[in-house]
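Below is one structure; the comments refer to it alone.
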Amino acid sequence: MATEKKPEAIPVTVTFLEMTAPPSHYPQLPYNRHIALLRTKNMPLHFYRYLIDRVGRKWHWVNVLRMDDDELARAIHAPDRDTRVLYLDGSPAGFFDIKVISAREAELSYFGMMDHALGQGLGKWFLGAAIEAAWSHKPDVVSVQTCTLDHPAALPLYQRLGFSPVGQKKEVVLPMRVEERTTAVMRG
């Protein structure tokens, strides 16, 4: 049996974006779609890991998958978290996770859709819903970050909906081997 070789680190450029005032309007919900957006409460760890894996696998979202159960529970069950799951035709299709960092800032920590929801005209509305949810916490600023590993449409969409770049930095992402990812997703 062949052993999987250790993945090589991937250099990325992270772009930090901010919005300092709520938009004057939000994109409309697409017509003739069976869509639900539900805010979670005490989400099971395995479901959060499932969402991270299904939405972020090809974009190398690995940080959450490397957290142990206690660390992840403290993070996602904190009173300042606002996680909402998108359902399309009754099945999970994406999620966003807002972390209220302070009275001043709400961060859109995670945002994305699963493959079966892409290309269906939902992205602009879904990001608008995430922005509206972030502003509902009454911060002075809403922040988000994206990197060169994310979907190529991510940065332009953030900017189109009102975010402005405020900085960049170079980082390195260490991808997960299949065995490591499977173990991470299956626990908790």
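The values are calculated or read from the model by the stated rules, or taken from the named source; none is laboratory data. The model shown is predicted, which means the values in this text are computed figures rather than measured ones. Cβ placement follows ideal geometry from the backbone for every residue including glycine, while neighbour counts extend to all protein chains displayed.
Could you list, in sequence order, all residues of segment 1-20 that are aliphatic (A, V, I, L, M) and touching a residue at least 40 places away in the same chain (Cβ under 8 Å)?
Ala9, Ile10, Val12, Val14, Leu17, Met19
So Tyr110 ticks every box in (1) under 16 Å from the mean Cα position of the chain (by Cα); (2) more than 22 Å from Glu171 (Cα to Cα); (3) at pLDDT 95 or above but one. Which box is left unticked?
Failing condition for Tyr110: (2).
Take the residues in segment 134-177 that are of a type in the set (Gly, Ala, Ser) and part of a loop (DSSP other than H, G, I, E, B), then tell me which one is nearest to Gly119 (Cα to Cα).
Here the answer is Ala153.
Which number in (1) farther than 25 Å from Gly167 by Cα; (2) aromatic (Phe, Trp, Tyr); (3) under 15 Å from the mean Cα position of the chain (by Cα); (4) at pLDDT below 95 marks the one condition that Tyr31 misses?
(3)
Quick check on segment 57-70. Is at least one of its residues touching a residue at least 12 places away in the same chain (Cβ under 8 Å), in contact with a Pro (Cβ under 9 Å, 6 or more places away or on another chain), under 15 Å from Cys147 (Cβ atoms) and in a strand (DSSP E or B)?
No, there is no match, as no residue in segment 57-70 is touching a residue at least 12 places away in the same chain (Cβ under 8 Å), in contact with a Pro (Cβ under 9 Å, 6 or more places away or on another chain), under 15 Å from Cys147 (Cβ atoms) and in a strand (DSSP E or B).
Inside segment 17-46, can you point out the residues that are surrounded by 15 or more Cβ atoms within 10 Å (Cβ to Cβ) and among the hydrophobic types (A, V, I, L, M, F, W, C)?
Result: Leu17, Met19, Ile35, Leu37, Met43, Leu45.
Would you say Met67 is of a type outside the set (D, E, K, R) and either closer than 18 Å to Ala184 by Cβ or modelled with pLDDT under 95 (or both)?
Considered against the rule, which asks whether it is of a type outside the set (D, E, K, R) and either closer than 18 Å to Ala184 by Cβ or modelled with pLDDT under 95 (or both), Met67 comes out as yes.
Against the definition (touching a helix residue (DSSP H, G or I) at 6+ places or on another chain (Cβ under 9 Å), without any contact (Cβ under 8 Å) to a residue 24 or more places away in the chain and surrounded by fewer than 19 Cβ atoms within 10 Å (Cβ to Cβ)), how does Arg81 come out, yes or no?
It is true that Arg81 is touching a helix residue (DSSP H, G or I) at 6+ places or on another chain (Cβ under 9 Å), without any contact (Cβ under 8 Å) to a residue 24 or more places away in the chain and surrounded by fewer than 19 Cβ atoms within 10 Å (Cβ to Cβ).
Could you please find all residues in segment 71-87 being acidic (Asp, Glu), over 13 Å from the mean Cα position of the chain (by Cα) and outside any helix (DSSP H, G or I)?
Asp80
Looking at segment 114-133, can you tell me whether even one residue there is in a strand (DSSP E or B), surrounded by 17 or more Cβ atoms within 10 Å (Cβ to Cβ) and at pLDDT below 95?
No, because not a single residue in segment 114-133 is in a strand (DSSP E or B), surrounded by 17 or more Cβ atoms within 10 Å (Cβ to Cβ) and at pLDDT below 95.
Quick check on my filter: what residues within segment 161-186 are at pLDDT 95 or above and of a type in the set (Lys, Arg)?
Answer for segment 161-186, where residues must be at pLDDT 95 or above and of a type in the set (Lys, Arg): Lys169, Lys170.
Can you list residue pairs whose Cβ atoms sit under 9 Å apart, with the first residue in segment 163-186 being of a type outside the set (A, V, I, L, M) and the second being surrounded by fewer than 12 Cβ atoms within 10 Å (Cβ to Cβ) and assigned to a helix (DSSP H, G or I)? Count only pairs 6 or more apart in sequence or on different chains.
none
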